[in-house]
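A short write-up of the structure that comes next.
The values are calculated or read from the model by the stated rules, or taken from the named source; none is laboratory data. Please read these numbers as outputs of a predicted model, since none were measured by experiment. Cβ coordinates were reconstructed from backbone atoms using ideal geometry, including for glycine residues, and neighbour counts include every protein chain displayed. Surface accessibility is based on the protein's heavy atoms, side chains included, excluding ligands, DNA and RNA. Shrake-Rupley method; radii C 1.70, N 1.55, O 1.52, S 1.80 Å.
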Amino acid sequence: MSHILILNGPNLNLLGTRQPETYGTITLKDIEALCAHEAKSLGVTYEFEQSNHEGTLIDFIHNTKAEGIVLNAGAYTHTSIAIMDAITSVNKPVLELHLSNIHQREAFRHHSYISNVAFAMICGLGASGYPLALRAMAGHLAL
Ligand code: DQA
């Protein structure tokens, strides 16, 4: 049975009240419930984590027993060579995920360090991107 880490970066703990016009009104807890449901139907296990701290996110990447990682790195997507290097260092497949379509937003969001090392990226589908990402990762790990 595949085991997948769903890892969320800074400010995603505030989903529900944070810029609802951009991110919707669904909370991170609601998103975890969507993932739990999807994981059950896929027959995979998962861990769901969030941190506002770059080093803690790196520790999650280093220490997870998961075979694949679904990563919404939040704003660290656009700044963190350290998170990119952590992904390269553990040599596990990463699917990059964003609620919003980062390419339709400010120019500074158009560049992603994570995209250099992710095998795929989902963005712009809101919360429904999470179960889709889980499904895509389960399929990737089953190959
Ligand atoms: C985000 C997009 C990032 O640019 C932003 O900094 C976030 C959320 C998204 O899910 O759309 O915090 O990763």
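Details
- From Asn91, Asn52, residue being out of contact with any Phe, Trp or Tyr (no Cβ under 7 Å at 6 or more places or on another chain) and modelled with pLDDT under 95: Asn91
- Set Ile114, Ile69: member being touching a residue at least 24 places away in the same chain (Cβ under 8 Å), in contact with a Pro (Cβ under 8 Å, 6 or more places away or on another chain), surrounded by 20 or more Cβ atoms within 10 Å (Cβ to Cβ) and of a type in the set (A, V, I, L, M, F, W, C): Ile69
- Residue count, the range 72-111 (criterion: within 22 Å of Glu38 (Cβ to Cβ), in contact (Cβ under 8 Å) with a residue 40 or more places away in the chain and open to solvent by less than 30 Å² (accessible area, probe 1.4 Å)): 6
- Residue check for Leu57: in contact with a Ser or Thr (Cβ under 9 Å, 6 or more places away or on another chain), touching a residue at least 40 places away in the same chain (Cβ under 8 Å) and among the aliphatic types (A, V, I, L, M): yes
- Selection count where residues are polar (S, T, N, Q), surrounded by 14 or more Cβ atoms within 10 Å (Cβ to Cβ) and within 11 Å of the ligand (Cβ to nearest atom), scope the range 5-47: 3
- Pair list, Cβ < 9 Å and 6+ apart or interchain, from the range 120-133 residues that are under 15 Å from Leu15 (Cα atoms) to residues that are in a helix (DSSP H, G or I) and aromatic (Phe, Trp, Tyr): Gly126/Tyr23; Ala127/Tyr23
- When the range 61-92 is filtered for residues that are within 11 Å of the ligand (Cβ to nearest atom), small (Gly, Ala, Ser) and touching a Ser or Thr at 6+ places or on another chain (Cβ under 8 Å), only Ala73 remains.
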